[in-house]
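Chemist: Mind having a look at this structure? Questions to follow.
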Amino acid sequence: MTDPDRHKSVWPTFLWALLAFCFLGLLTVMGVRLLGSDVKEYDLNRAKERGESRVKLAEEAHRELGEYAWIDKEKGTVRLPIARAMALALNDLQQKKVSASRVPVEPPAPAASPAPAASPSPASAETVSTPAPAVSSEPVPGS
């Protein structure tokens, strides 16, 4: 009692799976082509907005670094142009007298002396003789 459906070929299943895969690929390609122009337009709009934002930030930074402005009138705090602020800071630093630091510094701890190395005693050392290199009368190639 063998089942006749048991010996069916796997080829029809494989072909249906391949056909479904190709159909999904075709749908993906069509979707990308149809929506592709919208994506490009979106990217161009974002690039334009980023460029405008960068220009706006650069103008704001230039204004803040290059112009005088009140930060707090009640406290008398002003914003100076960066070049003027650096000149004032340089002038202040040049007028200060150079002096020793008042920060207490502890002397470094003394380093521990290394243990003396054991010296071999001449009585216990064995005498090893090494043969002298052989001298040949033939010329050495390359010299």
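Chemist: Could you give the length gained on full extension between residue 83 and residue 14, defined as 0.36 nm per residue of separation minus the Cα-Cα distance, in nm?
Modeler: 17.3 nm
Chemist: Tell me which residues come under 5 Å, amide H to amide H, from residue 79 once H is placed; ignore anything under 5 positions away on its chain.
Modeler: Counting only residues 5 or more places away or on other chains, the set is 69, 70, 71.
Chemist: Let a ≥ b ≥ c be the square roots of the eigenvalues of the Cα gyration tensor of the stretch 1-111; is it rounded (a/c under 1.5), or, if not, prolate (a/b larger than b/c) or oblate?
Modeler: Verdict is oblate for the stretch 1-111.
Chemist: Then there is this: Taking the alpha-carbon set of the stretch 20-73, what are its Rg and Dmax in Å?
Modeler: According to the Cα coordinates of the stretch 20-73, Rg and Dmax are 22.8, 74 Å.
Values quoted throughout were computed directly from the atomic coordinates according to the rules given, and no laboratory measurement underlies them. Everything quoted here is computed from the prediction, not taken from an experiment.
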